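Here the structure is laid out as C-alpha cells; the discussion comes afterwards.
The values are calculated or read from the model by the stated rules, or taken from the named source; none is laboratory data. Since the model is a prediction, treat every value here as computed from it, not as a measurement. Positions of Cβ are generated from backbone atoms using ideal geometry, with glycine treated the same way; all protein chains shown enter the neighbour counts. Protein only, heavy atoms only, side chains kept; ligands, DNA and RNA dropped before computing areas. Shrake-Rupley method; radii C 1.70, N 1.55, O 1.52, S 1.80 Å.
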Amino acid sequence: MKPVIRIGIVGLGGFAASHHQAIARLEERGHARLVCTCDPDPDRYAGEQANLRFAARGVQVFRDYRAMLDACHRQLDLVVIPTPIQLHADMHAEATALGLPTYLEKPPTLDYAELERMIQADARASHASHVGFNFIIEKRRLALKERLLGGEFGAVRGATLGALWPRPASYFARNDWAGRLFVGEHPVLDSCFGNAMAHFVHNLLFWMGGPELFSWAQIAAVRAELYRAHAIEGADTFFVEADTASGVTLRFAVSHACAGPSSHCEIVLCDKAALRYTVGGSLEIRWNDGRIEKSLLEPFDALQENHLEYFRYLRGESPRPATTLADCRPFVALNDLAYISSGRIAPIPASQVSGVRDEKEQKDYLQVTSMQAMHENFLSRGVWPGSSGWDKEPGEVVTLADLPRFHGIIRAIAGGQPDT
Ligand SMILES: NC(=O)c1ccc[n+]([C@@H]2O[C@H](COP(=O)([O-])OP(=O)(O)OC[C@H]3O[C@@H](n4cnc5c(N)ncnc54)[C@H](O)[C@@H]3O)[C@@H](O)[C@H]2O)c1
C-alpha cells in the first residue's frame, strides 16, 4: 500500500472548493487524507463542510492559514494554495519555511522579481513545489512533444495561440482582484493572458522547449499590444509576439472581450507538418504531403490527475513535478515584457464594441466587431491591430534586460501616466 499523502488546503471557496472535491475523491480511493483547511470566513461554507463530511473525516478548520500551519505542520506532507494571486507568495513562504512543499495554483505570481523570491524560498522545502498548470501532464501532449523532439515533424518554424474566452461583466466583479493590476501595493496583473488562459500560454512555451521533455522556450525578444473593452483597470485583450532564444517566433492572440462560444487552439508549425492541439477537443496533424491525422483528446480530470502526478513525485516515484516554480520563468517574463512593450493599455475603439445580453445565462457580454479578423490577421500574417484600425502605437521591442522597468511601467499604466 502506498503512503497516504497528508494535505492541508488553504481556502474553502472559489477554486479551492474544486481542490476540496478532488481531494475528497482521492481520499476515497486511498491516495490522500485532508488533515486541515482554513478560510477567513469558514461559517460561510457550512453547507460545503457538511457535504464534504469534514466532521466524520476529522478535518480541522481554521480561520487563518498561519494558525493552521502552526497547529498542523507536523501532520502534513503538502499544502495546497488555490487562493487569489496576490496571496500566493506569502502563503508559499510560510509553508516552505516549515519545510512543506506546496501545490500552488497557477499563476504562481505575475511579477518576475517575486517569482525569484519564491524560487529561493522553495529550496527550503523537502520537495519542489508544483505549479498547477493543468495540461502539461496530458499523456497525448507528452507523447506529441517526444515526437517533436525526436524530429519526426522536421524543424519547428513557429507557433501560435488563438484563444477567445467570453467573460461577462459580472466576471470582473466577482472578487476584489479580478481584472486588477494592483491590490493595494501588490501587483496582481489579473488578465486573460496571465490568469484565465495562462494554461495555454504556458503550453505553447512548453512545445517550444528542449532538448528535455520538461522544458520551456527561452524568451529573447517580445513585442505586444494590450487593449481593454471592459471597464477594468487591466487588459482584457492581448496581442503578443515573442522570439525565442532558438530563433522561432511565437504569436499569441488572447481575449475576454467577445461573446458566443469559447475557442482556443495551440498550433505548432514545423517543416513537415502543422500540429493543431485543442485542449478538451482534438489533436490534428496536417502533413505537408496532404495526410491528416485527427484524433479526439480523451476526457481529463485535471485536478485529480495533477494531484496524483504530484503525489508520485512526493513518494519518490517520479523525478520532478510537472511544472516547478523555476519552469514558470519564461511564462512570467513573457507576461511582464508584454506590459513593458505595450507601455499602456489602449481602449478598443468604442465604435467596435457593442453589448450582448445572454438571456439564458442572464449575463451581459461585450462583442468587438473586428476581433475575429484581428486575431486571424495577427496570427497568420503578423498584422498588428494598432496598425489596422485599433489606433495604438506599435509595441517596443523588449528583451529580458528590460525587466527591471516592469514595476515602474505597471505603476504608470495603473496611474494612467506614461513611463519609460
Ligand atoms: N487550474 C485551474 O483551472 C484554475 C481555475 C480557476 C482558478 N484557478 C486559480 O485558483 C486561484 C484562486 O482563484 P479563485 O478564482 O478561486 O479566487 P477567489 O478569490 O475565489 O479565492 C479562492 C478562495 O481563496 C480563499 N482565501 C481568500 N483569502 C484567503 C485568506 N486570506 N486565507 C485563506 N484563504 C483565503 C477563500 O476560500 C476563497 O474562496 C487563482 O490562482 C486562480 O488563477 C485555477
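Of note:
- Scanning the stretch 321-333 for residues that are touching a helix residue (DSSP H, G or I) at 6+ places or on another chain (Cβ under 7 Å) and within 19 Å of Thr244 (Cα to Cα) turns up Ala326, Cys328, Arg329, Pro330, Phe331, Val332, Ala333.
- Condition check for Asp402: open to solvent by 20 Å² or more (accessible area, probe 1.4 Å), touching a helix residue (DSSP H, G or I) at 6+ places or on another chain (Cβ under 9 Å) and outside any loop (DSSP other than H, G, I, E, B): yes
- From the list Phe300, Phe311, the lone residue that is outside any loop (DSSP other than H, G, I, E, B) and of a type in the set (Phe, Trp, Tyr) is Phe311.
- Residue match in the stretch 67-75 (condition: within 14 Å of the ligand (Cβ to nearest atom), within 22 Å of Asn175 (Cβ to Cβ) and either over 25 Å from the mean Cα position of the chain (by Cα) or assigned by TED's automatic domain parsing to the domain that holds Val188 (or both)): yes
- Number of residues in the stretch 174-233 that are within 16 Å of the ligand (Cβ to nearest atom), of a type in the set (S, T, N, Q) and surrounded by fewer than 20 Cβ atoms within 10 Å (Cβ to Cβ): the value is 1.
- Filtered residue count, the stretch 285-307, keeping only those that are over 25 Å from the mean Cα position of the chain (by Cα) and either within 15 Å of Phe133 (Cβ to Cβ) or hydroxyl-bearing (Ser, Thr, Tyr) (or both): 1
- In the stretch 53-66, the residues that are under 12 Å from Thr37 (Cβ atoms), open to solvent by 30 Å² or more (accessible area, probe 1.4 Å) and assigned to a helix (DSSP H, G or I): Arg57
- Scoring Ala253 on the criteria (1) within 16 Å of the ligand (Cβ to nearest atom); (2) out of contact with any Lys or Arg (no Cβ under 9 Å at 6 or more places or on another chain) leaves a single failure, condition (1).
- The single condition among (1) farther than 18 Å from Leu142 by Cβ; (2) touching a residue at least 40 places away in the same chain (Cβ under 8 Å); (3) more than 16 Å from the ligand (Cβ to nearest atom) that Arg286 does not satisfy is (2).
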